[in-house]
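Working notes for the structure below.
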Amino acid sequence: MSKRKDRKQTEELFESVSQLAGGGQPGLPQTHEAETFNDAGHTNVPIADEALANSKELAPVLASALPGLRQMKKFRFQLLHQWMLAHLQPGRVADVGGGKGLLTYLLRQSGWPATVIDPVPQALPTKFKDLTSHKQIHLAATETVPRLAQNFEPAMARDFDILVALHAHGCNIHLIEAAAQYDRRFVILPCCIIHEPIYPPLGVHWLQCVVDYATRTGFRVQPFRLNFKGQNIGLYGLPL
C-alpha cells in the first residue's frame, strides 16, 4: 500500500471518529485494499489540520501539534503516561491487560495509584527508555507493581477512578460498561477485535463502533492521538 493511500485512510478514519464523538454522523473510511484495517490502516501520519478544525472535540489540539517523526510502537506506554499526566486529573488507575506493567510502573513513579489487571503474570521489563532524558532506565529484578492476576470483571471498577486499556484484547466493551455502571472515566486504545461482545457492521471501522457504543452508553468521548507508529488513536471517556 502506498504512503499516499495510508495517509488518506488514516485522515479519513480519525476525522470520522472525531465526528462521531462530537455527535455527528460518521464519514466511513473507504476500503482501498484487503488489508485496509489491519496494521497497514493505522500509520504514522498526523491528522490534517482541517479535520481537527472541523471537530468541536479536537479543535483545541491544534494548539499543541505532535512533534515530527513517530516513535516506535514499543514506546506507547511512555507516551500514554505522558498524555495522562498532561491531560487528566490523577486518580486510581486500573491498567487492564497491562502485560508487564510498564504503564503502571510509570504512573506510580508519578504518584498515581495504579494496578495491573491481567490474567497472565509477567515481570516488569528489565529496562526502558526515558523519553524525556533519552536515557535507558534499568529496573532491579526485585522491582514489582501491584497486580491482579485475573480477567477484568466489572465489579473491579468500584476500586478505581480511571479504567485504562492500551491495545488490550477482549475487554474494551466490558470496560466501557463497567465505567458506566460505576461512573468512572476510561482511556482506551482499541486495536484488534478479539473476543469482544459486539462487532462493527459492514463498512464501519472498529474505532467508530467503540465510539458509538460509548456515546450511547452515556459518555462524552474525546479522541486523541499519541506519537507512535501503528494504532495510535485513543478514546478518553467522561461520564455525562
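The values are calculated or read from the model by the stated rules, or taken from the named source; none is laboratory data. Just so it is clear, the structure is predicted and the values come from calculations on it, not from any experiment. Here Cβ is always computed from backbone atoms with ideal geometry, including for glycine, and neighbour counts include all displayed protein chains.
Residues checked against (1) crowded, with 16+ Cβ neighbours inside 10 Å; (2) part of a helix (DSSP H, G or I); (3) at pLDDT below 95:
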site: GLN122; (1), (2), (3): no, no, no
site: PRO125; (1), (2), (3): yes, no, no
site: ILE194; (1), (2), (3): no, no, yes
site: LEU207; (1), (2), (3): yes, yes, yes
(message) So for the range 95-104 (the condition being closer than 23 Å to PRO239 by Cα, touching a residue at least 60 places away in the same chain (Cβ under 8 Å), charged (D, E, K, R) and surrounded by 19 or more Cβ atoms within 10 Å (Cβ to Cβ)), does at least one residue qualify?
(response) yes
(message) So the check is Cβ under 9 Å with 6+ separation or different chains; which pairs have a first residue in the range 129-157 that's under 13 Å from LEU106 (Cα atoms) and free of Cβ contacts under 8 Å to residues at least 12 places away in the same chain and a second one that's loosely packed, with under 13 Cβ neighbours inside 10 Å and not hydroxyl-bearing (Ser, Thr, Tyr)?
(response) ILE137/LYS127; ILE137/ASP130
(request) Give just the number: which of (1) small (Gly, Ala, Ser); (2) assigned to a loop (DSSP other than H, G, I, E, B); (3) touching a strand residue (DSSP E or B) at 6+ places or on another chain (Cβ under 8 Å) does GLY230 not satisfy? (result) (3)
(message) Go through the range 127-140 and report how many residues are at pLDDT below 95, not β-branched (Val, Ile, Thr) and not in a strand (DSSP E or B).
(response) 3
(request) Please give the number of the condition LEU202 fails out of (1) over 30 Å from LEU131 (Cα atoms); (2) surrounded by fewer than 17 Cβ atoms within 10 Å (Cβ to Cβ); (3) in contact (Cβ under 8 Å) with a residue 24 or more places away in the chain. (result) (3)
(request) Hey, could you check the range 147-192 for residues that are among the charged types (D, E, K, R) and in a loop (DSSP other than H, G, I, E, B) and say which is surrounded by the most Cβ atoms within 10 Å (Cβ to Cβ)? (result) ARG184
